[in-house]
Amino acid sequence: MQSRRDLMIREFVGRRLVRAHGEHTRHPALLLLGPRGSGKTTLAGRLENWGRRAPMAALDLSALDDGVHHPVDVLARIAFQLNARRPDFPPLALPSFAVLLMALSAEADPESRDAALGQMREALRAGRAEDHSLAVLRDLVTSVGVPMGLPGWSAAVVPLIQGWQRARVWWGVHRRFGRVPRGGSRPQVPADALVELNQHFRHGTAAQRERAESVLLQAFLADLQGAYTRHGGDRARTLRCLVLLDNADSELGDAFLQALVEARAAAGPEHCDPLVVVASARRAPEVLRQLERGPRPLGSYLSCWQPPEQEDGPESFVPRTVARPGGGARLEVAQLRPLDRAEVQEQAGPYVKRMPQAALAGITHPVAWLGRTVHELTRGHPAATGAVLAALEDFAPDVPCGQRLRRVLAPEGPHSVADELLELLLQDLPRELADGALPRAAAAVTLGQAASAAELWRQADAPPRLLRGLAHDDQHAERIIFDGQPHSALPAMVRTLLLGRLSLATAPAGARVPWVRTHEILRDAAESGRAGAYHRLAAGDVQGAAAYLYERFLDVCGGGDSAQAWCAELSFIQRAPRRWEADTLERTPGAEFQHRLARAQSPPDQLMVTRLLVAGWITTHPASDPCASLWSDPLGDPVAELYPKIVDALQTLSGRLGDETDHDVLWQRAAAYERKPW
């Protein structure tokens, strides 16, 4: 099932792929960035299946075989795939490229080779990219000597040259290559000689190889342009060439993408090759870092997803153009956004249909409920969403769906997917972070707060430094907004799983358990009473957090502060995480509420504030919540059983306020909890 996100990208690529008669436009390569599990490879596979009618090449640049070491090897595979026969399109003519492959395989004096390559570069730059370059290439082949050790190259590349050109190329090249002695017999033609392209560069320096790659790429692009502009190509070719490059941030992928971008820039704007290139990468490749001006803000390429102009209008996909100052090399860049709530709900639909009715008892609108709950847990991370939904089916029929979700996301247990997901999400991080530091960092609201809590790291200075670097990493951090300011935080799914791991951590005899000790350190380092109350609550000190809120409520009653500000503080504190304990799996939300309330031992005058705090700490919240962008745990009260307690507490507290505006604020806040959030 394709998400709307993937369909929008496909439509964007499709508009570029279709060409009108007489239209010759060169589109920049599109680079899609996204962390592990964001759906890059899945999207590439779907684009490959969808684009088979057009001339197409699809490569995973991190999974090529041992015979591929250089950008030229990648280019040869692309040319070979593009030239595959298709029923609706004549084969592409790539004569310059084909003969140059043979030329680059020859052994020759370095000075003669450089002169010949310079001659070829000049011929291409002068715009003589087809007829004249054939003559230049023929001279090049005959001037650099006899090729050594190449099995039948002339026959291997001939399919890249159309019939009308073979008469001009075959006799000038094939006869000479065919006479190469090899034990008294003619060389045998292999099934796919292109996998041996690395032999081209075994005698050259790095600079020589780069020059050869540039010439070969320009020849390839010029041949493609000629195939679409000459000999009826403009009329017959209604689709451009689609090239899909997965894992473009691998060493080989980065080198090829940079060579391609530079070759297209060197060709100039008048040479409009018909390539539509879609590359995907986890990290920004070197070519992008070279084109970017200054540091890149976290999540800057997410701006490619533009909200609808009208309330019910469509979202738009507009990649950002990143170009070298003064023109020339350029890329279009986009970051894959997470799935939105509607897309997760669409994926949840088939699972709900297969789920036994007993598992959904008491849940109104189960598809909307499951989609909303899973989206709240994963924040639309594609791999995490798929893993959680799939794991829900591995239960006895009578296990409630809310209970299933709790066990699937539990840090341990036979149904847990926590370790599997953490291995995926943290695979690229330094082990010193993933193994020990990150669970403690997950206890803080932001990465900056975690890095600044000096006592959290004791003697080591590496974790704070690495955490500050992580705060600017699009793979492992995200932007959240509260108090009107942007902050870097761990993604919600990662934080949920790491908090589970921190819950399981044990301490030596007589010491505080790591969960409590971590929150005590963060409480002592807090820069505000609100943050201190947040970590008091997380550590289990319900009474201390309630006392802070009660004092702030008295300020509102006395006119020293507004109910709006108090509600924002309440919302922030209620987002504090709860330590996972195995026995909580069996408690209902109502039983958990009474358990926490009984342990608080709140004074009578603070009781209503305490009830409100505890109910909101356990339950999920509506989208209108002031701190909706912060992390939350919707599994404490998956079907919002505690909403009536929240409504009652807010309405009761509103009766203590003399200011009409403050009174209305609490009533409106209570109204948000009168309906389920799905």
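Relative contact order for segment 511-552: 33 percent, from Cα pairs under 8 Å spaced at least 6 residues apart, divided by residue count. If a/c stays under 1.5 just call it rounded; otherwise compare a/b with b/c (prolate if a/b is bigger, oblate if not). Do that for segment 360-401, with a ≥ b ≥ c from the square roots of the Cα gyration tensor eigenvalues. Oblate is the answer for segment 360-401, as a/c is 1.5 or above yet b/c matches or exceeds a/b. Taking amide H as placed 1.01 Å from N in the peptide plane, the amide H of Ala58 sits under 5 Å from that of Leu244, each at least 5 places away or on another chain. Close amide H partners of Gln335, meaning residues 5 or more places away or on another chain with modelled amide H under 5 Å apart, are Leu33, Leu302, Cys304.
Give the shape of segment 380-535 as rounded, prolate or oblate, defined through the alpha-carbon gyration tensor: a ≥ b ≥ c are the square roots of its eigenvalues, a/c under 1.5 means rounded, and otherwise the shape is prolate if a/b is larger than b/c and oblate if not. Note, shape of segment 380-535 comes out prolate.
For segment 459-560, the alpha carbon positions stretch 46, 41, 26 Å along the principal axes, listed from largest to smallest. Taking N as the residue count of segment 296-384, its C-alpha radius of gyration divided by 2.2 N^0.38 Å amounts to 1.54. Taken one residue at a time, the phi angles of segment 17-27 give Karplus couplings (6.51, -1.76, 1.60, θ = phi - 60°) of 6, 7, 10, 8, 4, x, 8, 10, 10, 9, 9 Hz. Gly and Pro are set to x. The HN-Hα couplings worked out from phi for segment 507-521 by the Karplus form 6.51 cos²θ - 1.76 cosθ + 1.60 (θ = phi - 60°) are 10, x, 4, x, 9, 5, 5, x, 4, 5, 4, 4, 6, 5, 5 Hz, whole numbers, x standing for Gly and Pro.
The packing ranking, built from the mean of other Cβ atoms within 10 Å per residue, places the peptides 562-572, 253-263 in the order 253-263, 562-572, highest first. Counted residue by residue at 0.36 nm each, then reduced by the alpha carbon distance between them, the extension gain from Met1 to Ala628 reaches 222.9 nm. Using the 1.4 Å probe convention, the accessible area of segment 211-256 works out to 29 Å² per residue with neighbouring protein chains retained. Solvent-accessible area per residue in segment 455-564 equals 47 Å², computed with a 1.4 angstrom probe and all protein chains kept. A Förster radius of 51 Å combined with the Cβ-Cβ distance from Arg230 to Ala505 puts the calculated FRET efficiency at roughly 0.15.
Of the solvent-accessible surface of segment 451-543, computed with a 1.4 Å probe over protein heavy atoms with every protein chain present, carbon and sulfur atoms account for 48 percent. Overall, the anisotropy analysis places segment 319-448 in the oblate class: the square-rooted eigenvalues a ≥ b ≥ c of its C-alpha gyration tensor yield a/c not less than 1.5, with a/b not exceeding b/c.
Across segment 231-322, the mean sequence separation of Cα contacts (distance under 8 Å, 6 or more residues apart), normalised by length, yields a relative contact order of 27 percent.
The values are calculated or read from the model by the stated rules, or taken from the named source; none is laboratory data. These numbers were taken from a predicted model, which means no experiment stands behind them. No Cβ is skipped: glycine too gets one built from the backbone with ideal geometry, and neighbour counts run over all protein chains shown. Just so you know, the surface numbers come from the protein's heavy atoms only, side chains and all, with ligands and any DNA or RNA stripped out. Shrake-Rupley method; radii C 1.70, N 1.55, O 1.52, S 1.80 Å.
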